[in-house]
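Peer 1: My structure is below; once you've seen it, I'll send some questions.
The values are calculated or read from the model by the stated rules, or taken from the named source; none is laboratory data. These numbers were taken from a predicted model, which means no experiment stands behind them. Cβ sites come from the backbone with ideal geometry, for glycine too, and all protein chains shown count toward neighbours. Side chains are part of the model used for accessible areas, which takes the heavy atoms of the whole protein and leaves out ligands, DNA and RNA. Shrake-Rupley method; radii C 1.70, N 1.55, O 1.52, S 1.80 Å.
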Amino acid sequence: MSDLQTSLLLMTALSAAFAVLGVVLQGLRGGRPLAVALISMTVLMFVYIVLVWDSPLLVRLLPFSGAIILGNWLPLVGAFYSGVCFRATGVPRVRRSLLSAALLVLCLYSLASPLLGRPPLCARVEYERVMEFQTTDLTCSAACAASLLRMHQIDATEREMAEFCLTREGTHWLGLYRGLKLKTAGTDWDVVVENVSGQDLLQRGSESGVLSLTFHGRASNRVFETDFQKESGHSVVCLGPGDRGRLEVFDPSPDYGFESWDWKQLGQVESAILVRLVPRSGASAVQIPDPRRLEDHNRVYWERHR
C-alpha cells in the first residue's frame, strides 16, 4: 500500500470518528458538552488555518511523505459538524441528512483532491544531464526537484518527479516535499522546508534547494519576457548568494537557465518556501559540486560524470 493510500485511509477513519463524536455529543442531554466541543473545534480550526495551514510547520509536525494528505485537518472539523447536523433536533430528517451527506462528500473530496487528475506528459530527453530544464509549462517544480536530487548524486528525472510530486496544474510545495521525501528514503539525505525572505536568500550562505516562489507583481526586468502576473508561481533551484549582493539560481524555463537575481527580481516575491536536502543525523558530510562552475554561456547542459 502506498503512502498516499495509507494516509487517505487513516484520515478517512479519523473523519468518521469525528463524525461519530458529533452524533454522540448531539444526543447527550444538556447542551454544555456539545457547546464546549463546538467552541473547541472552532478554535482548533482558527489556530490551524492561521499557524499550520500551508506552513512549513506542518512538515515539522508530520515529517512523512503523506503530509499533503495527513496535514489537511479541515475534513476532521467538517466531519464533526456533519455528525452534529445529522442528529440535530427541530430540523426535518431529510433536510439534515442531505446537509450532513453534503458535508461528508466535501470532506472526502478535500482529502482526495491531491490525487485527482494526472501529471503532465513530460518529454523524454535524449541524453542525461544534472540540471533539468522543464519540458512542459507545468513542471518547473518537478524539473527543479530532479536537478536538486542529481546534484546530491540521486538519480531522478522530470517525468518521475512530476508523478511523485503530484504535479497537476502546477505543483504545491507539499507535493514537492513528498517527491523529495520518497527519493531520499534510505539515503544519507533528509528533506527540510522553511519560509525565507529575499534578505535570507542573500545572506544564508551556499545552501542549495528548490525555491518555490509566488510573485505579487511582474518581475521588473522580465516584463516583456516571462510576464509574471499577480499571484503567479514559479520554482527555481537556489544556488546561494553570488557577487555584488546577487542570488544565483537555475531557472528551469528553457529560455533562461543559470541566472543572477538582484532586488529587482526578489522585490517581486510575495512569498518563498525553500525545500532543501540536509544530511541525516550521523551521516558524513558530502561536498556538493557547484553547477555554476560547469555552465557554459548559460545554456549548455551539465553532463553527468559516471
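Peer 1: What FRET efficiency, computed as 1/(1 + (r/R0)^6) with R0 = 30 Å and r the Cβ-Cβ distance, is obtained for D262 and D137, rounded to the nearest 0.05? Could you put the intermediate results ahead of the total?
Peer 2: Values: r = 26 Å, r/R0 = 0.87.
Result of the calculation: an efficiency of 0.70.
Peer 1: Could I ask something else about it? Need the full-extension length gain, V20 to Q153, defined as separation in residues times 0.36 nm minus the C-alpha distance. One decimal, nm. Provide the component values of the computation, followed by the final result.
Peer 2: Details: separation 133, 0.36 × 133 = 47.88 nm, distance 4.88 nm.
Net length gain for the segment: 43.0 nm.
Peer 1: Tell me the label-point distance for the pair V94, T187, using the 7 Å Cα-to-Cβ offset, in nm and rounded to one decimal.
Peer 2: Each label point is offset 7 Å from its Cα along the Cβ direction, giving 5.9 nm.
Peer 1: Among F46, L76, V94, whose Cα sits farthest toward the positive end of the charge dipole of region 1-115 (+1 at Cβ of Lys/Arg, -1 at Cβ of Asp/Glu, about the Cα centre)?
Peer 2: Farthest towards the positive pole: V94.
Peer 1: In sequence order, what are the phi-derived ³J(HN,Hα) couplings for region 90-99 according to the Karplus relation 6.51 cos²θ - 1.76 cosθ + 1.60 with θ = phi - 60°, rounded to whole Hz, with x for glycine and proline?
Peer 2: x, 10, x, 4, 4, 5, 6, 5, 5, 5
Peer 1: Please give the direction-averaged projected area of the C-alpha convex hull for region 1-115, in square nanometres with one decimal. Before the final figure, lay out each step's value.
Peer 2: Values: hull surface 30.4 nm².
Convex hull of Cα atoms, orientation-averaged projection: 7.6 nm².
Peer 1: Residue by residue through region 13-30, which ³J(HN,Hα) values in whole Hz follow from phi under the Karplus form 6.51 cos²θ - 1.76 cosθ + 1.60 (θ = phi - 60°), with glycine and proline marked x?
Peer 2: 5, 5, 5, 4, 5, 5, 5, 4, 4, x, 5, 5, 5, 5, x, 6, 6, x
Peer 1: Between V52 and L106, what is 0.36 nm times their sequence separation minus the Cα-Cα distance? Round to one decimal in nm. Mind dumping the intermediate values first?
Peer 2: Details: separation 54, 0.36 × 54 = 19.44 nm, distance 2.07 nm.
Length gained between V52 and L106: 17.4 nm.
Peer 1: Taking 0.36 nm per residue of separation and subtracting the Cα-Cα distance, what length does fully extending S253 through L61 add? All intermediate terms of the calculation are to be shown ahead of the outcome.
Peer 2: Working: separation 192, 0.36 × 192 = 69.12 nm, distance 3.33 nm.
Extra length available between S253 and L61 comes to 65.8 nm.
Peer 1: Let me ask another. What ranking of E169, E248 comes out by heavy-atom accessible area, probe 1.4 Å, highest first? Present the calculation step by step, with values, prior to reporting the outcome.
Peer 2: On the way: E169 165, E248 30 Å².
The ranking, largest first, comes out as E169, E248.
Peer 1: If R0 is 30 Å, what FRET efficiency do you get for V125 and E194 from their C-beta distance, rounded to 0.05? Before the final figure, lay out each step's value.
Peer 2: Details: r = 31 Å, r/R0 = 1.03.
In this case the efficiency is close to 0.45.
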